[in-house]
1. When residue 42 is evaluated against the numbered criteria (1) modelled with pLDDT under 90; (2) in contact with a Leu (Cβ under 8 Å, 6 or more places away or on another chain), which criterion, by number, is the only one it fails?
2. Go through the residues of the range 135-149 one by one and say whether even a single one is in contact with a helix residue (DSSP H, G or I) (Cβ under 8 Å, 6 or more places away or on another chain), outside any strand (DSSP E or B), open to solvent by 70 Å² or more (accessible area, probe 1.4 Å) and at pLDDT 90 or above.
3. Can you tell me which of (1) of a type in the set (Asp, Glu); (2) farther than 17 Å from residue 36 by Cβ; (3) surrounded by 22 or more Cβ atoms within 10 Å (Cβ to Cβ) is the one residue 85 doesn't meet?
4. Outside any strand (DSSP E or B), among the hydroxyl-bearing types (Ser, Thr, Tyr) and without any contact (Cβ under 8 Å) to a residue 60 or more places away in the chain: does that describe residue 156?
5. Looking only at residues that are aliphatic (A, V, I, L, M) and within 22 Å of residue 154 (Cα to Cα) in the range 173-222, which one is least open to solvent (accessible area, probe 1.4 Å)?
6. For the subset of the range 28-50 comprising residues that are of a type outside the set (A, V, I, L, M, F, W, C) and closer than 20 Å to residue 136 by Cα, which member is surrounded by the fewest Cβ atoms within 10 Å (Cβ to Cβ)?
7. Which count do you get for residues in the range 62-76 that are part of a strand (DSSP E or B), hydrophobic (A, V, I, L, M, F, W, C) and either out of contact with any Ser or Thr (no Cβ under 9 Å at 6 or more places or on another chain) or open to solvent by 30 Å² or more (accessible area, probe 1.4 Å) (or both)?
8. Collect the residues in the range 90-134 that are without any contact (Cβ under 8 Å) to a residue 40 or more places away in the chain, in a helix (DSSP H, G or I) and more than 19 Å from the chain's Cα centre (by Cα), keeping them in residue-number order.
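The values are calculated or read from the model by the stated rules, or taken from the named source; none is laboratory data. This one's a predicted model, so the numbers in the text were calculated from it and none came from an experiment. No Cβ is skipped: glycine too gets one built from the backbone with ideal geometry, and neighbour counts run over all protein chains shown. Heavy atoms of the whole protein, side chains included, go into the accessibility calculation; ligands, DNA and RNA do not. Shrake-Rupley method; radii C 1.70, N 1.55, O 1.52, S 1.80 Å.
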Amino acid sequence: MTLLPIRRVSEPFSKGGAAPRLVPPPLAKSAQLAEVFAQSRDMGATGFTLAQVPPGRPIVWVLDRMAAQQAGWPYGPGLRGFGVDPDRLVLVCARRAADVLWSMEEALACRSLGAVIGEIWGMPKALDFTVTKRLAIRAERSGVPCFLIRYAAEETLSAARRRWRVTTLASAPHPFDPRAPGAPRWRTTLFRARDTRPGAWEASYERQAHRLDFSAAVSDPALAEEPARQQVWG
C-alpha cells in the first residue's frame with residue numbers, strides 16, 4: 001500500500017480566514033476497522049468503501065437480511081467500476097446480525113483477502129463494543145482492512161479506528177457527455193479517528209487511479225480549491 005504525502009486544504013471561509021486542516025488518507029498506513037454510517041435510503045456508502053479497497057484482490061462481503069432487502073445486493077458491473085472483480089467476491093447473506101459479525105471475524109483470519117466488508121441494518125444487540133474490539137484486533141493482526149457499513153444506525157460506542165458519516169452527492173460532470181453521470185461524489189465527515197484529525201470534506205472517486213480525492217466542503221463551488229489527492233493503493 002502506498003500513500004502520497006498529506007496535503008493541506010482550507011476550511012470554508014470565516015472571519016478569521018481559511019483554517020488549514022490536514023486531509024486524512026482514505027485508508028491508514030496499516031489495516032484497521034472502519035465504520036461507515038449512512039441514512040436508510042442512501043446506498044452511496046458502498047461506493048465510498050470500495051474506493052478504499054485494493055483493486056483485484058479477493059473480498060468477503062457479508063450482509064444481514066434487512067440490509068439485503070433495503071440496500072440490495074452488490075451488482076457485478078458496478079463492482080468492476082471500483083476495481084472489484086466479481087469472480088473474486090465471496091458474498092454471504094446472514095439471517096442475523098450476530099452471524100454477520102461472526103462471519104466477518106472468521107474471514108479476517110485469512111491474510112490473502114483484500115478486505116472484509118460487512119453491512120448491518122439498524123441497532124442489533126449483537127453489535128456492541130466488545131464485538132467491534134474483536135474485529136479491530138483481528139484486522140490489525142491479519143493485515144486485512146475491515147469495513148462495517150451501518151444503515152439507519154446510531155453512533156454508539158465502538159472500537160473502530162475511524163468512523164465516517166457519508167452522504168451521496170450529485171455526480172461530477174462527465175468530461176465528454178454533459179448528459180451522462182460523471183465520477184461519484186460524497187459528503188464525508190470523519191467524526192472519530194485515532195490516527196488523524198476529524199473533519200468534513202467532499203470526496204470524489206477517480207477511477208483510473210483508483211483513489212479518493214478530498215477537498216474542503218464549501219457551500220459555494222467558486223470558493224472550493226483543487227482537490228488534495230490521496231493515492232489509496234499503488
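1. (2)
2. For the range 135-149, residues in contact with a helix residue (DSSP H, G or I) (Cβ under 8 Å, 6 or more places away or on another chain), outside any strand (DSSP E or B), open to solvent by 70 Å² or more (accessible area, probe 1.4 Å) and at pLDDT 90 or above: present.
3. Residue 85 satisfies every listed condition except (3).
4. Details: outside any strand (DSSP E or B): yes; among the hydroxyl-bearing types (Ser, Thr, Tyr): yes; without any contact (Cβ under 8 Å) to a residue 60 or more places away in the chain: yes.
So residue 156 fits the description; yes.
5. 190
6. Quick first cut of the range 28-50, residues of a type outside the set (A, V, I, L, M, F, W, C) only: 29-30, 32, 35, 39-42, 44, 46-47, 49.
When the remaining residues are screened for being closer than 20 Å to residue 136 by Cα, the result is 29-30, 32, 35, 46, 49.
Values: 29: 10, 30: 12, 32: 20, 35: 25, 46: 24, 49: 24.
Across the range 28-50, the extreme among qualifying residues is 29.
7. Applying the first criterion (part of a strand (DSSP E or B)) to the range 62-76 yields 62-64.
Filter again for hydrophobic (A, V, I, L, M, F, W, C), leaving 62-63.
Keeping just the survivors that are either out of contact with any Ser or Thr (no Cβ under 9 Å at 6 or more places or on another chain) or open to solvent by 30 Å² or more (accessible area, probe 1.4 Å) (or both) gives 63.
Total satisfying the criteria: 1.
8. Of everything in the range 90-134, those that are without any contact (Cβ under 8 Å) to a residue 40 or more places away in the chain, in a helix (DSSP H, G or I) and more than 19 Å from the chain's Cα centre (by Cα) turn out to be 97, 98, 99, 102, 106, 129, 130, 131, 134.
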